[in-house]
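Report on the following structure.
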């Protein structure tokens with residue numbers, strides 16, 4: 001469904017806000033992947049996870065630079081998202097490598113879906129930029145076979161990991177609601193403002209349905225019930 | 001004092017062993033710096049620490065590549081050092097960002113000194129390569145003023161941190177002794193073999209004295225008693 005309003009400028013506050021949120025997400029993705037590397041025992045896993053972590057960090061610095069290029073106070077806008085993302089990560093600290101990998105794959109998957117969904121409502125230049133930084137970065141390629149093999153060796157872990165996946169999705173939705181409440185500008189990008197409320201809310205529920213379906217696909221790809 | 005024997009080939013087992021040890025050290029430095037980033041609350045610190053972490057990871061991949069280029073089994077040689085370095089890091093897990101930063105600066109400082117000292121005994125090409133990967137990578141530039149400011153705000157932390165610095169040095173020496181015991185080839189690079197024992201041991205004690213002095217200099221630069 002066509003949107004009634006599309007933000008067309010890379011300097012619009014909600015677009016700057018969105019980039020700040022994505023940058024903070026990439027920074028935390030870097031930290032999470034590096035911790036996965038620290039939890040891994042074998043060199044192959046450490047090397048693969050470190051490489052993905054540093055790609056995410058590269059995206060983080062790219063977004064910071066872009067925010068500076070459009071004249072935004074990059075430090076302030078990205079910094080403003082650190083408390084809420086810190087809280088998400090404190091609430092979803094993995095107890096072992098498998099939980100860490102699931103968090104990386106499922107959590108960053110949800111974040112990527114969310115970013116790409118919202119990117120539909122921003123100017124084409126920002127959208128193209130977001131598509132470039134919201135790539136998978138090789139996570140699926142590493143995580144999916146790794147978790148599949150671990151589950152083949154220890155099928156009993158599937159129940160615990162399925163529960164963990166549902167908890168990650170629940171925490172992600174809770175944090176998204178907090179972001180929407182704290183940032184009306186950003187929420188308006190998706191659900192519309194006073195002049196576009198109906199269409200926005202209908203589209204918003206479709207967006208949530210698509211994100212839930214993608215999440216379920218990722219869980220199934222790991223051999224876990226969504 | 002001139003050494004009686006200098007390893008002149010990049011494919012000599014002790015040279016390969018040394019590169020493997022340095023690679024494993026860079027990988028753990030990456031993980032440690034990324035955890036420092038996770039412990040940091042402000043964006044500036046996270047951005048600076050993440051950048052240094054990814055430089056270290058870059059050095060790790062460079063060394064892996066070099067080991068492969070000289071025909072060594074890079075995964076086996078680097079992987080063989082993971083258990084001993086994991087033990088060091090498990091024994092020196094920082095409780096907060098200040099302890100983490102001190103560990104990064106002091107611990108990686110000791111590791112760098114050690115690598116450069118041993119590099120004196122390998123072929124010039126390997127030595128030049130090691131000089132390139134054993135750079136400071138911006139650690140001192142970030143850590144020294146950060147710790148100095150933290151100590152100015154909370155002078156009472158100096159005693160705890162000085163103790164932590166001494167513990168790091170003690171654990172590093174304990175692990176170095178384990179490496180020397182496990183890897184006679186590597187130890188022979190420094191202390192000499194049966195045909196060069198006296199000179200080697202004299203030089204070895206001078207090397208330890210230089211490393212201890214560098215460590216003390218770093219502690220003093222932070223405003224801590226060595």
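Some observations on this one:
- The set of residues in the stretch B:114-131 being out of contact with any helix residue (DSSP H, G or I) (no Cβ under 8 Å at 6 or more places or on another chain) and in contact (Cβ under 8 Å) with a residue 40 or more places away in the chain consists of B:125 alone.
- Some residue of the stretch A:66-73 being surrounded by fewer than 21 Cβ atoms within 10 Å (Cβ to Cβ), free of Cβ contacts under 8 Å to residues at least 24 places away in the same chain and within 21 Å of residue B:33 (Cα to Cα): no
- Helices (runs of 4 or more DSSP H) (entirely within the stretch A:1-107) containing at least 3 residues that are away from every other protein chain (no Cβ under 14 Å) and within 26 Å of residue A:161 (Cα to Cα): A:97-102
Read-outs throughout are calculated quantities, based only on the coordinates presented, and are distinct from any laboratory measurement. Quick caveat: nothing in here was measured; it's all calculated off a predicted structure. All Cβ positions, glycine included, derive from the backbone under ideal geometry; neighbour counts span all protein chains shown.
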